[in-house]
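Read through the structure below, which is laid out as structure tokens, and then see the notes.
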Amino acid sequence: METNKNNRKIVIFGVILLIIAGIIVVALKGFNVSLMFGKHEAIELKIGKEVDLNVVKEICREVFEKKEFVAKELEVFGDSVQINVKTITDEEKSKLVNQINDKFETSKTVEDLNINSISNKRMRDVIRPYLASIAISFVVIFIYIFIRFRKINAVKIILEFIKNSILIEAILLSIIAVTRLEVTDLLINLLVIVPIAQLVYVIAIGEKKLEIENN
């Protein structure tokens, strides 16, 4: 019994240290966001004919070499592209246009490149679009839990869920910050899914307790 208590104290102490370390890392360095979430250049070019995105990506690999980039089609007609890269030099601009002219038989110039500087996105700005729909969903589910599990202290179930969700999200965010894991759309979706999965688990446990109570 004493060993279990000591192990529990060690785990709690470790979690506290992890969260503190995460807070410090975020305060000093912020999160390690992916290219699309970080400060970068968005280069748009209307080629005027159907674009083979694989060819555009191959051009980007030759032009930007080791730099990370994201290339995608723009507009429904597929005759425009957007290339996202952290920085672009005058030499790379010229090389990019020349390669595109060569591959797509066009006569574009550097002046045809529409380049916009995109500022770094804050984590709260990335998550904000999800908040309204998630909040409404959880309110509806909490009402369901309150009605469904009123016999087995529904308020306690809801409060325990909220406490555990905050703790789990804090741990996950701290791990992401300390390990410098790259923040991507996939990772954001994971952070959203975790409390939903936990809520499903809480409801399943509540149903079992309710079944025992009724029997």
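Given the options Gly78, Ser94, Val15, identify the residue whose Cα lies farthest towards the positive end of the charge dipole of the chain (+1 on Cβ of Lys, Arg; -1 on Cβ of Asp, Glu).
Toward the positive end, the furthest listed residue is Val15.
Positive end of the dipole of the stretch 114-215, charges at C-beta (+1 Lys, Arg; -1 Asp, Glu), about the Cα centre: which of Val194, Ile152, Ile134 has its Cα farthest in that direction?
Towards the positive end, the residue furthest out is Ile152.
What's the magnitude of the charge dipole for the stretch 74-215 around its Cα centre, counting Lys and Arg as +1 and Asp and Glu as -1 at the beta-carbon? Answer in Debye, nearest 20.
Once rounded to the nearest 20, the dipole reads 1060 debye.
Chymotrypsin sites (Phe, Trp or Tyr not before Pro) within the stretch 54-100: which are DSSP loop residues with at most 16 other Cβ atoms inside 10 Å?
Phe77
So which GluC sites (Glu not before Pro) in the stretch 108-180 pass both tests, a DSSP loop state and at most 15 other Cβ atoms within 10 Å of the Cβ?
none
Could you give the DSSP H helices of the chain that reach 18 angstrom or more along their long axis (alpha carbon positions) and whose average Kyte-Doolittle hydropathy is no lower than -1.0?
Both cut-offs are met by 2-29, 123-148, 154-179, 185-214.
Please give the net charge around Phe69, taking every other residue with its beta carbon less than 9 angstrom from that of Phe69, where Lys and Arg add +1 and Asp and Glu add -1.
Residues near Phe69 contribute +3 overall.
Go through (1) 1.37; (2) 1.48; (3) 1.67 and flag the label whose value is the computed Cα Rg over 2.2 N^0.38 Å for this structure.
(2)
Once you have a ≥ b ≥ c as the square roots of the Cα gyration tensor eigenvalues for the stretch 40-118, tell me rounded if a/c is under 1.5, and otherwise prolate or oblate according to whether a/b is larger than b/c.
Rounded, because the longest to shortest axis ratio a/c is under 1.5.
With contacts defined as alpha carbon pairs under 8 Å and 6 or more residues apart, what's the relative contact order of the chain in percent?
Reported relative contact order: 27 percent.
Which pairs in the list Lys121/Lys209; Lys5/Lys29; Lys72/Lys163; Lys67/Lys103 are over 32 Å apart, alpha-carbon to alpha-carbon?
Going by Cα-Cα distance, Lys121/Lys209; Lys5/Lys29; Lys72/Lys163 fall outside the 32 Å limit.
What is the distance in Å between the Cα centroid of the stretch 12-56 and that of the stretch 100-116?
27 Å
Is there a quick way to get the dipole size of the stretch 40-118? I mean about its Cα centre, with the Cβ of Lys and Arg at +1 and of Asp and Glu at -1; what is the value in debye to the nearest 20?
Dipole size: approximately 200 debye.
Which is the longest stretch in the chain that no exposed loop site breaks, taking sites as trypsin sites (Lys or Arg not before Pro) with a DSSP loop state and at most 12 other Cβ atoms within 10 Å?
Counting at most 12 other Cβ atoms within 10 Å as exposed, the longest clean stretch of the chain is 67-179.
Counting each DSSP H run of 4 or more residues in the chain as -39500 (n - 2.57), what helix-only mean residue ellipticity at 222 nm follows after dividing by all residues, to the nearest 500 deg cm²/dmol?
Estimated from H runs of four or more residues: -22500 deg cm²/dmol.
Every number in this text was worked out from the coordinates using simple rules, so none of it is lab data. This one's a predicted model, so the numbers in the text were calculated from it and none came from an experiment. Reconstructed Cβ throughout: ideal geometry from the backbone, glycine too, with neighbour counts over all protein chains shown.
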